[in-house]
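One structure is given below, encoded as structure tokens.
The values are calculated or read from the model by the stated rules, or taken from the named source; none is laboratory data. Keep in mind it's a predicted model, so treat the numbers as computed, not measured. Every residue, glycine as well, gets a Cβ built from its backbone with ideal geometry; the counts of neighbours run over all protein chains shown.
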Amino acid sequence: MDRLRVIGGIPLQGEITISGAKNAALPIMAASLLSEGEVILSRVPYLADITTMAHLLMHCGLDLSMPSATPGSFGYSLSLKPSGKAITDAPYDLVRKMRASILVLGPLVTKYGRATVSMPGGCAIGTRPIDLHLKGLERLGATVTLEGGDVQVTAPKGLHGADVTFPFITVTGTANLMMAATLAKGTTRIINAAKEPEVVDLAKFLNAMGAKISGVGTETMTIEGVSMLGGCTHAIIPDRIETGTYIAAAGITNGDLELIGADLDMLSVVKGELIDAGMLFEATSRGVRVCRADKNKPLRSINIKTEPYPGFPTDLQAQIMTLMTVAQGTSTVTETIFENRFMHVAELLRMGANVQIHGSSAVVTGVERLKGAPVMATDLRASASLVIAGLAAEGETIINRIYHLDRGYEMMETKLNNCGASIERIV
């Protein structure tokens, strides 16, 4: 199993190209099942999760190819089009590695009237039930049964529009219901819909195929069903979580990075908090420059609380907590989305961090420096936080179980090494 060896203490200098957003690409790829023509997607990140979704879509009847892929470059283009066959089951062997596999459920049911999908896997960061997806599909007229770890959904007469009110915000639930409603008869309203940029990007993609979706980015989304969807071309939005991760890397190493293609409008809350902490952001012709405002002083502590968009993203909680381990003062980090998202704390403690957990909050008292140690990655974002810690630590850090990292960060060690980091993959 691959590991990373990180030698810390080197300020990062240079530029990093921000890849397309994994959390936008996955639902958009799943939505390609709805098309009767060819879909061409650009800026698709080369990741393990993308490969898993590609295999699942080919199993379900899509022809998939890469019209352009330049070795050593970041991102590539995908062509997806119907092959003439339709397989409406997603077996366990294909979905066990990734929770986003559930996103094929809505497209398959609305297009073919049936789908069988195994309960998906993914990061062990807490309970992420799909009951809201299933209740939403039932509101649209589907019949749902659970058998042997599989979800079986049928709608032989097709889906029909309805009002679906989510009791709390669910990003994948919103995406699944939005895709299902595009071919349903009549009008669907999703109330308390997710507002994340990745959801907005999915809606733009569906509308480019001929869907009629309005209210995107608001609490109530309206979908007028259409009879069919056609092909289109679409560029995936830049990855805001990758952007935030490299901002934290610049801050913790006292480095100076230009993030090519970054869009800080999707990170306004994070940007505001980090300015308070002492970070500097300057717009450039290609993206944004990030560094400490005063390179002779440590960063200042801040308090953060994760919330649905446009609040502070849970997917950046671990990275910013790591940044705060060397900030001056005491920070409080409160997690409201996932109950198991402090698993990285035990590993940070091994590196000399001072963190105490009190229920859903972590109290972080800054230390002068972290020290390298062997650590174990527990999930995708925890993996990134440990790389960030290793970049700043004194000595050598060995990060085990980095397969999580390969699920969500495109060529991370290459990008960081190009900016002066010392990271080696050990097989």
Selection over the stretch 83-135 where residues are farther than 21 Å from HIS160 by Cβ, part of a loop (DSSP other than H, G, I, E, B) and at pLDDT 90 or above yields a count of 1
Pairs under 6 Å by beta carbon, first residue on the phi > 0 side of the Ramachandran plot and buried (at least 24 other Cβ atoms within 10 Å of the Cβ) in the stretch 91-108, partner in a helix (DSSP H, G or I) and at pLDDT below 80, six or more apart or different chains?
none
Determine if the stretch 358-367 includes at least one residue that is out of contact with any strand residue (DSSP E or B) (no Cβ under 7 Å at 6 or more places or on another chain), in contact (Cβ under 8 Å) with a residue 12 or more places away in the chain, surrounded by fewer than 21 Cβ atoms within 10 Å (Cβ to Cβ) and more than 21 Å from MET279 (Cβ to Cβ).
no
List the helices (runs of 4 or more DSSP H) inside the stretch 155-255, counting only whole elements, that have at least 2 residues being polar (S, T, N, Q) and at pLDDT 95 or above.
171-181, 240-252
When you scan the stretch 403-411, do you find a residue that is buried (at least 24 other Cβ atoms within 10 Å of the Cβ), of a type outside the set (D, E, K, R) and free of Cβ contacts under 8 Å to residues at least 60 places away in the same chain, even just one?
no
Every residue in the stretch 257-281 that is surrounded by fewer than 21 Cβ atoms within 10 Å (Cβ to Cβ), in contact with a helix residue (DSSP H, G or I) (Cβ under 7 Å, 6 or more places away or on another chain) and over 16 Å from THR17 (Cβ atoms), please.
LYS271, PHE281
For the stretch 1-49, which fully contained strands (runs of 3 or more DSSP E) count at least 2 residues that are touching a residue at least 12 places away in the same chain (Cβ under 8 Å) and closer than 23 Å to THR397 by Cα?
3-7, 13-17
Give the residues of the stretch 256-272 that are outside any helix (DSSP H, G or I), more than 30 Å from GLY37 (Cβ to Cβ) and of a type outside the set (Asp, Glu), sorted by residue number.
LEU257, LEU259, ILE260, ALA262
What number goes with the only condition from (1) buried (at least 24 other Cβ atoms within 10 Å of the Cβ); (2) more than 13 Å from the chain's Cα centre (by Cα) that PRO27 does not pass?
(2)
Mind checking whether some residue in the stretch 193-206 is farther than 20 Å from SER32 by Cα and free of Cβ contacts under 8 Å to residues at least 60 places away in the same chain?
yes
Flag for THR70 being more than 15 Å from the chain's Cα centre (by Cα) and either in a strand (DSSP E or B) or modelled with pLDDT under 95 (or both)
yes
